[in-house]
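Take a look at the structure set out below.
The values are calculated or read from the model by the stated rules, or taken from the named source; none is laboratory data. This is a predicted model, so every value here is computed, not measured. All Cβ positions, glycine included, derive from the backbone under ideal geometry; neighbour counts span all protein chains shown.
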Amino acid sequence: MINLTVIKTIIFDLGQVIIDLDPDAVISRLKGYSDKQADEIVRLITESQVLIEYEVGNMTDDYFCDEVNKLLGTNIPLVIFEQIWNSFLGVIKPEKLQLMEDLKNQFEVLILSNTNAIHQREFDLRVSSIRPGNIMSDMVHTAHYSHCMGFRKPDLRIYERVLDLHRLNPAEVLFFDDRIENIVAAQILGIKGIQVTYSDQILDQLR
């Protein structure tokens, strides 16, 4: 069990914490437009600066689509690219949305996620289909998205910005993220971090 007696703020990542992810789906669909193998597609996207720049808000949707097309030697129109890109997002369980709302009665609840404009529009639509009239940010007190903040985890500056904006004592903050490098960065600043390793972990640990 987690000791929550000293915790005043709980911060959730989105991918693999609140939203299940399906990276194989997006790679498979991109492969349908490219002559490159799946592992090369992954390498080209993850090792370039293109995704990082998009996730810190330095690119428009159109420009990001064009840059990915250049990387992969494809000519995917934006409307199709958005559908492919959004196949990365998997299930959003209603129980997780309810959990965040319930926790708001006792804690300050925040989201801190590396994401992008295309994905934000999609997960907001999906939340509204589960909770009509609501988007993801309505499930918490405040949502902080990398493409809006200009920084991306594990850059310490994104954590420092959140701590400053909310006047938080790091020792009173609990942070859930699926990536160990993001947890380690948070811990450097004194934030208590827990790595999420399976889909229902926050339900098991916080309900």
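Pairing residues of the stretch 154-166 that are more than 13 Å from residue 108 (Cα to Cα) with residues that are assigned to a loop (DSSP other than H, G, I, E, B) and aliphatic (A, V, I, L, M), at Cβ distances under 6 Å and at least 6 apart in sequence or on separate chains, gives 159/189. Checked against the criterion of being in the same structural domain as residue 165 (by TED's automatic domain parsing) and either modelled with pLDDT of 95 or more or in a helix (DSSP H, G or I) (or both), the candidates 123, 64, 81 yield just one match: 123.
The residue list 2, 52, 45 contains one member that is outside the structural domain of residue 173 (by TED's automatic domain parsing), among the β-branched types (Val, Ile, Thr) and either exposed (fewer than 13 other Cβ atoms within 10 Å of the Cβ) or not in a helix (DSSP H, G or I) (or both), which is 2. Selection within the stretch 61-92: residues that are of a type in the set (Phe, Trp, Tyr) and surrounded by fewer than 20 Cβ atoms within 10 Å (Cβ to Cβ). The member of this set that is farthest from residue 121 (Cα to Cα) is 63. Note on the stretch 187-207: among residues that are assigned to a loop (DSSP other than H, G, I, E, B) and touching a strand residue (DSSP E or B) at 6+ places or on another chain (Cβ under 7 Å), the one that is surrounded by the most Cβ atoms within 10 Å (Cβ to Cβ) is 191.
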